Amino acid sequence: MSNEHLVITDVTIDFPTPNGYFRALEGVNLTIDRGEFISIIGHSGCGKSTVLNIVAGLYQATQGGVILDSREVKEPGPDRAVVFQNHSLLPWLSAYENVELAVKQVFKGQKSRKEMDEWIKHNLELVHMSHAMHKRPGEISGGMKQRVGIARALAMEPKVLLMDEPFGALDALTRTHMQDSLMEIHQNLKNTVIMITHDVDEAVLLSDRIVMMSNGPAATVGDILHIDLERPRNRLELADDPAYNHFRAEVVRFLHERHTLPVEGDSGEGNKPGKSSAPEGQILDLEGYRGKRSLEKHKVKLGFVPLIDCAPLVVAKEKGFFAQQGLDVTLSRESTWANIRDKVCYGVLDGAQMLPGIPLSTAVESKCKPMIASMSLGLNGNAITISNALYERLTSVAQGDIKDPLVAAQALKAVIEEDQANEEEPLTFAVVFPESSHNYLLRYWLASAGIDPDKDVTITVVPPPQMVSHLETGVIAGYCVGEPWNTQAVYDGIGKVLVTSFQIWNNHPEKVFGCTRAWADANPKTHQAILMALLEACAWLDDEKHHDEACELLSKGRYVNAAQDVIAATLNKADFNQFHRYAANYPWRSDATWTLTQMARWGYFQAPIDLRKVADAIYRPETYRAAAEAMGMAVPAGDYKTDGEHASDWSFSDAKVTLTLGADRFMDKRVFDPDRAAFYIDGFSVKSGDFNLDAWLKMNKVKDSSAADDSKAV
């Protein structure tokens with residue numbers, strides 16, 4: 001039996017203008033069942049709000065009309081409550097009093113004073129605002145104001161709740177909470193909701209059906225997508241749900257392929273390019289741009305942390321490589337890796353420079369949406385810097401050349417044992433993020449000397465730009481970070497670079513370009529265009545004649561904000577940053593596997609997992625391969641290689657290509673074979689560097705101990 005109670009029939013509306021009538025909508029037809037959640041989505045100017053206003057009774061259709069429960073809608077009424085993007089609360093009234101106005105208007109003479117009081121409080125409780133009911137709008141946050149606006153609308157007990165971009169002005173995290181609250185309310189009340197949104201994820205998450213409007217003038221219903229997902233819905237679980245990503249991709253495809261707005265300057269005849277987004281002085285390849293008009297998304301926002309290895313993004317932006325791919329890219333400077341993770345997760349950023357551990361961690365824990373990495377942004381780039389005082393202590397006890405990482409680690413071990421004997425507080429070292437290469441390389445170095453990173457020292461997290469000040473004030477004794485924040489400490493005279501990450505693992509992988517899996521699936525052409533621009537930037541950076549210009553670009557306040565000579569000291573340093581040579585940009589799944597072994601070794605996940613399965617899911621060399629081949633660059637056929645066997649440049653060959661790769665030695669001369677990666681974890685519980693076969697067998701539930709022979713490989 002149908003729950004049909006709202007019918008929009010052949011709605012057409014014309015608005016008078018000085019040049020005659022403008023037809024905004026034409027022939028809009030839609031039938032909505034009782035209790036349905038409908039989202040209306042489309043480009044700006046497609047008539048979404050006009051449809052909502054006609055249902056609300058604020059506009060009268062020129063032709064056709066709206067029937068609600070067998071009665072024609074001709075004017076506003078309490079059976080249709082509207083929530084706008086602006087909360088529209090009266091500033092001199094409390095939250096309670098704002099809701100009370102609506103309740104008195106609708107229920108005066110129907111409810112007693114006590115009943116109205118209980119009803120007001122009930123609706124404030126629905127939106128979790130009971131604690132602030134006596135506060136005025138100026139005393140609460142934007143998200144809280146919008147909750148009160150929703151409570152006011154619900155208190156009218158409307159047949160239909162109309163919402164016009166209700167969360168559009170909120171920050172990403174508050175918007176997420178509001179979406180969850182709205183899902184909870186709809187689940188409990190089973191009310192009919194029509195919501196306008198520009199957010200594709202929001203529409204798929206909340207809706208039973210998504211009504212997709214064609215572009216105006218004379219806009220109409222272009223398509224209707226039924227969202228066949230069970231309720232209640234969990235956003236984290238849905239993020240990895242193929243059906244969810246299919247629905248999302250269908251909406252994106254409709255908006256960007258079938259109903260894309262004309263590019264600025266396009267007359268609508270042929271494929272004439274619009275205004276170039278290339279920086280001044282850069283020439284946009286117009287022929288190439290014509291072929292890229294089919295990108296799912298032209299305006300893209302990418303994040304970075306102010307480090308020298310953000311250079312590929314900066315160069316791609318400033319040299320016009322993004323623009324040449326038809327992309328209008330905004331770069332967002334973020335102070336922490338947590339910001340990068342969260343903003344990409346919640347869609348504030350489309351993608352970002354990332355630590356490899358960020359996308360990999362999404363496969364083994366549920367902090368945010370699953371992510372992928374389709375490109376490495378370079379090799380090396382980090383170092384361990386310590387205070388002058390600690391450096392003097394190490395040199396006084398070192399048994400050999402302090403520049404040798406093994407000698408330096410043994411010297412630190414002696415200093416730690418001395419402090420322990422004197423009952424001193426453990427030394428504190430900083431890293432940039434828990435799931436970072438800096439953390440794992442620092443721990444690898446410490447463990448080589450038998451130092452337990454979780455007992456013998458304290459490891460804390462400090463944002464990269466704050467490392468130097470923390471060292472200067474004595475809050476930390478040392479840190480592992482990317483440049484220029486090691487060189488900066490040396491230039492300021494407050495620290496010494498003790499060990500480079502190249503010394504710990506020659507030409508180790510460093511940052512990647514990451515995005516959510518859902519975004520990549522919905523925007524494959526845009527994703528490839530970004531990779532192609534970044535590849536061109538990486539190749540440009542590896543040409544030494546460009547280093548002076550690169551230093552000038554990176555030194556700007558909106559990017560790294562460090563002196564040019566400090567940046568130059570790093571870019572011109574041998575065996576430090578490699579942006580392109582040695583197949584530096586290829587996302588080797590063996591690199592992902594090594595990172596996963598370290599995450600497991602140091603307890604960042606406990607349950608046994610299939611390391612290869614995770615590496616294959618998160619790292620996407622096939623996506624990289626398509627971009628590189630389109631640029632005429634050679635790429636390997638395979639995705640895995642063994643590391644640790646080569647002390648100098650070597651030749652890598654497979655069925656497809658021969659490449660020159662760099663030295664890949666580990667400081668302790670180990671060899672990492674990804675086919676035997678589980679043994680490299682050191683039994684999960686052993687941190688000294690000695691392999692514990694019994695612990696590994698127990699942890700991985702292996703009954704046959706014949707695998708013991710493989711333990712010798714590491």
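The values are calculated or read from the model by the stated rules, or taken from the named source; none is laboratory data. Computed from a predicted structure; not experimentally measured. Neighbour counts run over all protein chains shown; Cβ positions are idealised from the backbone, glycine included. Quick note on the areas: whole protein, heavy atoms, side chains included, nothing else; ligands and nucleic acids left out. Shrake-Rupley method; radii C 1.70, N 1.55, O 1.52, S 1.80 Å.
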- Task: Can you pull the one-decimal nm distance between simple spin-label points at W650 and A421, each 7 Å off the Cα toward Cβ?
- Result: 4.2 nm
- Task: With the Cα gyration tensor of the range 404-542 in hand, give its eigenvalues times 5 under a square root as the equivalent ellipsoid semi-axes, listed largest first in whole angstrom.
- Result: 35, 17, 15
- By its C-alpha gyration tensor, with a ≥ b ≥ c as the square roots of the eigenvalues, how is the range 565-633 shaped: rounded for a/c under 1.5, else prolate for a/b larger than b/c, else oblate? oblate
- Highest mean packing first, using Cβ neighbours within 10 angstrom, the peptides 191-198, 469-476 sort as 191-198, 469-476
- Query: D309: accessible area at probe 1.4 Å, nearest 10 Å²?
  - Reply: 10 Å²
- Note on the structure: Computed for the range 420-533: size of charge dipole around the Cα centre, +1 on C-beta of each Lys and Arg, -1 on C-beta of each Asp and Glu, debye to nearest 20, value 580 debye
- Query: Looking at the square roots a ≥ b ≥ c of the eigenvalues of the Cα gyration tensor of the range 394-452, which shape do they give, rounded for a/c under 1.5, prolate if a/b is larger than b/c, or oblate?
  - Reply: oblate
- Phi-based couplings in Hz for the range 330-345 (Karplus 6.51, -1.76, 1.60; Gly and Pro marked x): 9, 9, 10, 7, 10, 7, 9, 6, 5, 4, 4, 4, 5, 6, 6, 4
- Give the angle, between 0 and 90 degrees and rounded to the nearest 10, that separates the Cα long axis of helix 524-541 from the longest principal axis of the Cα atoms of the chain. 40 degrees
- Please give the peptides 353-359, 242-248 ranked by average Cβ packing (other Cβ atoms within 10 Å per residue), highest first, as a rough proxy for protection. 353-359, 242-248
- Message: I'd like the Karplus ³J(HN,Hα) series for the range 495-502: coefficients 6.51, -1.76, 1.60, θ = phi - 60°, whole numbers in Hz, and an x wherever there's a Gly or Pro.
- Response: x, 10, 6, 8, 9, 8, 5, 4
- Calculate the tail of P(r) for the chain: the fraction of all Cα-Cα distances greater than 47 Å, expressed in %. 31 percent
- Message: For the range 105-178, compute the orientation-averaged projected area of the C-alpha convex hull (one quarter of its surface), in nm².
- Response: 5.6 nm²
- Which one of G20, S207, C368 has its Cα pushed farthest toward the positive end of the charge dipole of the chain, where Lys and Arg give +1 and Asp and Glu give -1 at the Cβ? G20
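Calculate what fraction, in whole %, of the accessible area of the chain sits on carbon and sulfur atoms when a 1.4 Å probe is rolled over the protein chains.
47 percent
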- Message: What number results when the radius of gyration of the range 1-154, computed over Cα atoms, is divided by 2.2 N^0.38 Å?
- Response: 1.23
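Add -39500 (n - 2.57) for each DSSP H run of 4 or more in the chain, then divide by its residues: what number comes out at 222 nm, to the nearest 500 deg cm²/dmol?
Estimated from H runs of four or more residues: -10500 deg cm²/dmol.
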- Query: Considering the alpha-carbon set of the range 534-687 alone, what are its Rg and its Dmax in angstrom?
  - Reply: 18.0, 49
- Query: In a shell of Cβ-Cβ distance under 10 Å around F107, excluding F107 itself, what net charge do Lys and Arg (+1) and Asp and Glu (-1) give?
  - Reply: +1
- Task: Report the Cys residues of the chain lacking a disulfide-compatible partner, meaning no second Cys Cβ under 4.7 Å from their Cβ.
- Result: C46, C310, C480, C515, C538, C551
- Query: Which value, in nm² and rounded to one decimal, describes the direction-averaged projected area of the C-alpha convex hull of the range 514-613?
  - Reply: 9.1 nm²
- Once you charge only the Cβ atoms, +1 for Lys and Arg and -1 for Asp and Glu, what is the size of the charge dipole of the chain about its Cα centre, to the nearest 20 debye? 1620 debye
- Hey, what angle do you get for helix 388-397 against the long axis of the chain, alpha-carbon based, 0 to 90 degrees rounded to 10? 30 degrees
- Item | Accessible area in square angstrom per residue, the chain, 1.4 angstrom probe | 42 Å²
- Task: Evaluate 2.2 N^0.38 Å with N set to the residue count of the range 145-231, then give the Cα radius of gyration divided by it.
- Result: 1.13
- Message: Using the crude model of +1 on Lys and Arg Cβ and -1 on Asp and Glu Cβ, and no other charge, please compute the dipole size for the range 465-608 relative to its Cα centre, in debye to 20.
- Response: 560 debye
- Task: Grab the other residues whose beta carbon is less than 11 angstrom from that of R393, score K and R as +1, D and E as -1, and report the net.
- Result: -3
- Note on the structure: Helix 437-448 sits off the longest principal axis of the Cα atoms of the chain, rounded to the nearest 10 on a 0 to 90 degree scale, by 30 degrees
- Query: By per-residue mean of other Cβ atoms within 10 Å, what is the highest-first order of 124-135, 49-60, 104-115?
  - Reply: 49-60, 124-135, 104-115
- What are the ³J(HN,Hα) values, in whole Hz, obtained from phi via the Karplus relation 6.51 cos²θ - 1.76 cosθ + 1.60 with θ = phi - 60°, for each residue of the range 651-668 in sequence order, with x given for Gly and Pro? 9, 9, 10, 9, 5, 10, 7, 10, 10, 8, 10, x, 3, 9, 5, 8, 4, 9
